[in-house]
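The values are calculated or read from the model by the stated rules, or taken from the named source; none is laboratory data. What you are looking at is a predicted structure, and each value in this text was computed from that prediction instead of being measured. Heads up, the Cβs are rebuilt from the backbone with ideal geometry, glycines too, and the neighbour counts pull from every protein chain shown.
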Amino acid sequence: MARRDERMSEEEEETEAESMSESESESQSGGEKSKGGLDYIMSLPDVPMKLPPHVELQRTRVLCNADAPNHTDTIQYSGAFASVGVDNSFRLDHFRDKFRVEVIRYSDEDMEFDMIGVDPALANAFRRILISEVPTMAIEKVLIANNTSAIQDEVLAHRLGLIPISVDPRLFEYADGNPLNERNSIVFKLHVRCERKKHLRRTVKASDLKWLPNGSELLESENSNSSSSSKPKTYTEFTCPQDSLPEFSDNPIGFKGKLGDIIIAKLGPGEEIELEVHAVKGIGKTHAKWSPVATAWYRMLPEVVLLEEVEDEVAENLKSKCPVGVFDIEDVANGKKRLTVSQPRACTLCRECIREGEEWEKRVSLRRVKDHFIFTVESAGALPPDVLFTEAVKILETKCESVISDLS
């Protein structure tokens with residue numbers, strides 16, 4: 001009987017200890033669950049904290065195979081990788097830390113820079129704004145007094161409209177149907193003649209257009225019968241000469257540098273052109289003559305990876321396949337040669353290195369970085385390319401502020 005009582009007491013103590021341990025574990029788990037479901041899941045030891053390598057590669061790279069590129073879409077859904085504990089949502093602090101711009105090449109005519117850490121939609125927004133929404137000055141009205149050249153009046157007017165003007169458009173206002181004055185227009189005149197005895201043929205260039213700081217010199221036809229006492233009315237209403245304004249007094253308006261060499265027409269003996277043109281402010285969305293860039297384009301950063309060691313004859317063969325010289329040969333021990341990737345940025349994705357079968361795709365992998373863009377901006381001549389991009393940033397900022405104000 002005594003032994004039976006001792007066994008019962010021991011069993012009671014074990015049950016009490018188990019109940020106490022269960023209550024403590026429940027209180028601890030309850031405290032952990034109170035932190036939040038995601039925090040509780042992330043605290044488990046078998047939950048991965050990073051994406052698998054093959055998923056990370058698909059998320060950040062475009063794989064360029066011999067037939068077609070794969071994984072070209074950008075994954076923007078915030079919960080796309082929530083099951084593995086990766087937050088894919090957009091965070092401003094993360095964007096600030098990752099975003100940067102690196103200028104690779106710069107001149108007065110063009111600029112190449114890297115835009116890193118942005119979405120393709122944002123890069124394309126800058127491209128579209130540069131082409132169609134940054135304003136410039138261009139010839140809008142052509143008043144032809146005499147044209148005996150072989151070029152029709154319409155073709156001549158079209159040529160004149162496409163000539164870039166060396167002037168800062170930020171110094172002018174939009175005309176918007178208002179009378180042309182010194183603040184919203186520029187007036188040029190052209191009067192050239194090919195003398196029969198002096199020239200067999202004369203080339204008319206943009207530098208032959210002369211700036212009229214006092215405005216138009218042609219009288220409107222409706223005032224031709226007016227009384228002599230009334231002041232003759234021209235096509236512009238300048239209140240003061242433009243060369244008296246401080247922004248133009250030391251910087252005359254015209255066609256400077258290479259712009260002055262643009263050919264307008266070629267005159268034969270006895271042919272003559274006499275006309276007057278009026279330039280106003282506009283944007284490329286209205287007409288291409290107001291586009292400030294010759295071209296603005298971008299491409300994703302190429303990434304060329306050797307998946308295995310390529311040596312000797314195979315290395316020489318692969319180097320000869322690339323037309324832009326992406327690969328190079330280096331000497332290693334024992335007289336062997338090894339292939340290296342020397343200029344991956346020059347890759348044009350022609351796929352010549354992987355075109356001849358699967359064995360070449362096992363040696364070389366061609367990729368594109370989804371958030372790294374090589375931007376090229378070629379100015380038409382009105383403004384330097386860095387100023388054009390700065391103006392594009394301001395326009396996008398204005399658009400964003402407009403959307404925010406409408407939503408609020």
Please indicate, with yes or no, whether at least one residue in region 101-108 is more than 25 Å from Thr398 (Cβ to Cβ), assigned to a loop (DSSP other than H, G, I, E, B), in contact (Cβ under 8 Å) with a residue 60 or more places away in the chain and not polar (S, T, N, Q). yes
Evaluate the following for Glu308: is it modelled with pLDDT of 90 or more and out of contact with any Ser or Thr (no Cβ under 6 Å at 6 or more places or on another chain)? yes
Look through Arg368, Arg355, Arg351 and report the one residue that is basic (Lys, Arg) and on the phi > 0 side of the Ramachandran plot. Arg351
Which residues, taken from region 72-98, are touching a Lys or Arg at 6+ places or on another chain (Cβ under 7 Å) and either loosely packed, with under 12 Cβ neighbours inside 10 Å or modelled with pLDDT of 90 or more (or both)? none
From the residues in region 350-359 that are touching a residue at least 60 places away in the same chain (Cβ under 8 Å) and surrounded by 15 or more Cβ atoms within 10 Å (Cβ to Cβ), which one is nearest to Pro323 (Cα to Cα)? Arg351
Counted residues, region 78-107 - those being in contact with a Ser or Thr (Cβ under 9 Å, 6 or more places away or on another chain) and hydroxyl-bearing (Ser, Thr, Tyr): 2
Is it the case that region 143-165 has a residue that's of a type in the set (Gly, Ala, Ser), within 30 Å of Gly268 (Cα to Cα) and in contact with a Lys or Arg (Cβ under 6 Å, 6 or more places away or on another chain)? yes
